[in-house]
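Visitor: For reference, the structure I am asking about is given below.
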Amino acid sequence: MTEGHITDAQNTWCPGCGNFAIEHALKDVILRLEAEGIPREKMVIVAGIGCHAKMADYLNINSLYSLHGRSVSFATGICMANPDLNVICCVGDGDAYAEGIAHLLFAAKRNVNMTVLVHNNRVYGLTKGQFTPTSPGEYHGKSNPYDTGEIAFNPPELLLSAGCSFVARGYSRRGKELTGLIYAGISHSGFSYIDILQTCRSYMDKTEEYDRQVYVPVNHHPEDFDAACRLVREYRYDDSGKIALGIIFQEKRDTFHAGTPHLQQKYADKKSFVMRFINGRR
Ligand SMILES: Cc1ncc(C[n+]2csc(CCOP(=O)(O)OP(=O)(O)O)c2C)c(N)n1
Ligand code: SF4
């Protein structure tokens with residue numbers, strides 16, 4: 001490990017991969033938080049399994065690889081055990097929108113205090129380009145040599161329906177804005193979710209389309225839920241429509257955490273029950 005923010009682990013991302021920009025945006029946010037008095041030890045990255053997950057190796061802060069699709073559950077456990085930590089989940093679209101979709105929606109519903117960055121390259125990158133819930137219907141991947149004809153999920157719309165208190169969208173080729181969004185997400189009290197359109201040079205290079213489609217709305221009020229719904233419906237994860245970037249929705253809501261006296265007592269009772277069980281004193 002180096003003393004800096006990028007480790008000396010060998011980087012195996014493909015040249016031109018959008019993950020580099022996400023890594024540097026997150027690194028800049030970590031630097032800013034440190035400058036504001038939050039030590040690095042108070043931040044933790046929980047990664048899924050996939051190209052995105054290598055963030056755990058490349059950024060020099062506490063981190064763990066979890067299981068594919070289960071990062072948000074691991075992160076929920078960390079938030080409950082130590083509510084003082086800033087927990088950041090780096091997950092893939094295959095990871096979070098397929099196997100992990102229930103965990104993502106329920107953590108949003110509960111308003112668990114964490115930030116979820118979905119590296120949405122719209123393909124299973126590490127395993128060589130299979131179809132994910134946000135792949136275009138006409139995409140031919142390793143697992144589907146023919147059109148699926150399926151309609152892609154619109155994840156920010158799902159998250160809004162689930163009661164997510166912070167919904168944002170970024171783009172890996174708009175690094176400055178992405179840095180601002182990640183900072184805003186971590187600063188938000190409760191569950192913050194950022195869908196990051198990430199270019200995958202090897203299997204899903206949408207650079208040309210995204211560069212044409214993305215825009216930052218000027219008169220959008222993130223506290224307006226109906227306006228947020230209209231905004232996310234402009235784009236259906238196909239090559240048509242405008243893609244709004246920025247904070248789409250944000251509201252203040254009670255967070256789910258283990259810090260309340262009621263929950264602390266419950267966990268203490270449960271822990272002592274488990275310890276008695278282990279020690280054979282039921
Ligand atoms: C439970 C489980 N299912 C499947 C896999 C195999 N697997 C590992 S990485 C991966 C693809 C990851 O794709 P995504 O989450 O979109 O991340 P990316 O590689 O594109 O960043 C899959 C299917 C696994 N390791 N564990
Ligand atoms: S396969 Fe795609 S997501 Fe994975 S490292 Fe290469 S360009 Fe990046």
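Any read-out appearing in this document is the output of simple, stated calculations on the displayed coordinates, not a laboratory observation. Computed from a predicted structure; not experimentally measured. Methodologically, a virtual Cβ is constructed for each residue, glycine included, from the backbone with ideal geometry; neighbour enumeration extends over all protein chains shown.
Visitor: Do we find that A53 is among the small types (G, A, S), in contact with a helix residue (DSSP H, G or I) (Cβ under 7 Å, 6 or more places away or on another chain) and crowded, with 23+ Cβ neighbours inside 10 Å in this structure?
Guide: Answer is no for this residue.
Visitor: For segment 1-108, list the helices (runs of 4 or more DSSP H) that sit wholly inside it and hold at least 2 residues that are in contact (Cβ under 8 Å) with a residue 60 or more places away in the chain; which are they?
Guide: Values: elements: 19-35, 55-58, 71-81.
Because the criterion is at least 2 residues that are in contact (Cβ under 8 Å) with a residue 60 or more places away in the chain, the helices (runs of 4 or more DSSP H) in segment 1-108 that meet it are 19-35, 71-81.
Visitor: Report yes if some residue within segment 110-121 is outside any helix (DSSP H, G or I), surrounded by fewer than 20 Cβ atoms within 10 Å (Cβ to Cβ) and either among the acidic types (D, E) or within 16 Å of ligand 2 (Cβ to nearest atom) (or both); otherwise report no. Explain how you work it out, then say what you get.
Guide: Initially, segment 110-121 is screened for residues outside any helix (DSSP H, G or I), giving 111-121.
Checking which are surrounded by fewer than 20 Cβ atoms within 10 Å (Cβ to Cβ) leaves us with none.
Taking every residue of segment 110-121 in turn, none turns out to be outside any helix (DSSP H, G or I), surrounded by fewer than 20 Cβ atoms within 10 Å (Cβ to Cβ) and either among the acidic types (D, E) or within 16 Å of ligand 2 (Cβ to nearest atom) (or both).
Visitor: Okay, next question. I need a count of the residues in segment 212-247 that are part of a loop (DSSP other than H, G, I, E, B) and not aliphatic (A, V, I, L, M).
Guide: Start the filter on segment 212-247 by keeping residues that are part of a loop (DSSP other than H, G, I, E, B), which leaves 216-224, 233-242, 245.
From what is left, the residues that are not aliphatic (A, V, I, L, M) are 217, 219-224, 233-242.
Number of matching residues: 17.
Visitor: Moving on. Could you tell me whether segment 132-147 includes any residue that is surrounded by fewer than 19 Cβ atoms within 10 Å (Cβ to Cβ), more than 16 Å from ligand 1 (Cβ to nearest atom), more than 30 Å from L231 (Cβ to Cβ) and small (G, A, S)?
Guide: Within segment 132-147, not a single residue is surrounded by fewer than 19 Cβ atoms within 10 Å (Cβ to Cβ), more than 16 Å from ligand 1 (Cβ to nearest atom), more than 30 Å from L231 (Cβ to Cβ) and small (G, A, S).
Visitor: So S63 ticks every box in (1) under 26 Å from E251 (Cα atoms); (2) among the small types (G, A, S); (3) away from ligand 2 (no atom under 16 Å from the Cβ) but one. Which box is left unticked?
Guide: (1)
Visitor: Take the residues in segment 66-94 that are in contact with a Ser or Thr (Cβ under 7 Å, 6 or more places away or on another chain) and under 21 Å from M204 (Cα atoms); name whichever of them is farthest from ligand 2 (Cβ to nearest atom).
Guide: In this case the residue turns out to be V91.
Visitor: Is it fair to say S202 is of a type in the set (G, A, S), out of contact with any Leu (no Cβ under 7 Å at 6 or more places or on another chain) and within 16 Å of ligand 2 (Cβ to nearest atom)?
Guide: Considered against the rule, which asks whether it is of a type in the set (G, A, S), out of contact with any Leu (no Cβ under 7 Å at 6 or more places or on another chain) and within 16 Å of ligand 2 (Cβ to nearest atom), S202 comes out as yes.
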